[in-house]
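What follows is one structure encoded as structure tokens, with my remarks underneath.
The values are calculated or read from the model by the stated rules, or taken from the named source; none is laboratory data. All values reported here derive from a predicted model rather than from experimental measurement. Virtual Cβ from ideal backbone geometry, glycine too; neighbours counted across all protein chains shown.
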Amino acid sequence: MAIRTPRHPSSRAQRGAVLYVALIMLILLALIGIAGMQVTGMQERMAANYLRTNQAFQNAEADAREVENTIELAMSDTGIYVAAQEECSPTYDPLTWADGISLATASYTRRVDKCFAASSRRIGERQNEETGNIYQVTALASDDPDNASASAVIDTVFIP
């Protein structure tokens, strides 16, 4: 009678290598999942910051257009608009002005047509001190007037 040898080793000979491999794979998957969650959280914060910055920019743009409309109406009604600064001096820097403002929304208008000899409206005509009305309009706005987390400054040149 021949002795048969089993094709599969007995369960006692197995030492649990599959268990170790499975645990290592689970740890790797968990690390990949944690890294993915961190990346997703960062992207969500970046998108929210972009939204707040864009809202502040749009609010500042709207405020600048509102001041320009006010200038246009005053010029069409009475022909006179008095800016916050009518002379060229002292020098004016929009960012320095905005840094000194503690309000969520503000605007500043400066008349700049007397700062140079001629404007594009008077090409070909005699150059004198009066060159037409040209205004520098600066607007500061935040994303939320009650709880500001982002702000923007818009500086434009407006010729009515």
Inset, instruction - Output the number of residues of the stretch 41-83 satisfying the condition of being more than 21 Å from Asp146 (Cα to Cα), among the hydrophobic types (A, V, I, L, M, F, W, C) and surrounded by 12 or more Cβ atoms within 10 Å (Cβ to Cβ). - result: 6
Inset, instruction - Considering every residue within the stretch 46-54, establish whether at least one is assigned to a helix (DSSP H, G or I) and under 25 Å from Asn133 (Cβ atoms). - result: no
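Take the residues in the stretch 137-150 that are crowded, with 20+ Cβ neighbours inside 10 Å and of a type outside the set (D, E, K, R); name whichever of them is nearest to Pro94 (Cα to Cα).
Thr138
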Legend entry - Which numbered condition Ala106 fails, given (1) farther than 30 Å from Asn147 by Cα; (2) modelled with pLDDT of 85 or more; (3) surrounded by 15 or more Cβ atoms within 10 Å (Cβ to Cβ): (1)
Inset, instruction - Return only the number of the condition from (1) more than 23 Å from Tyr135 (Cα to Cα); (2) loosely packed, with under 10 Cβ neighbours inside 10 Å that Ser89 does not satisfy. - result: (1)
Inset, instruction - Go through the stretch 78-112 and count every residue that is more than 19 Å from the chain's Cα centre (by Cα) and not in a loop (DSSP other than H, G, I, E, B). - result: 5
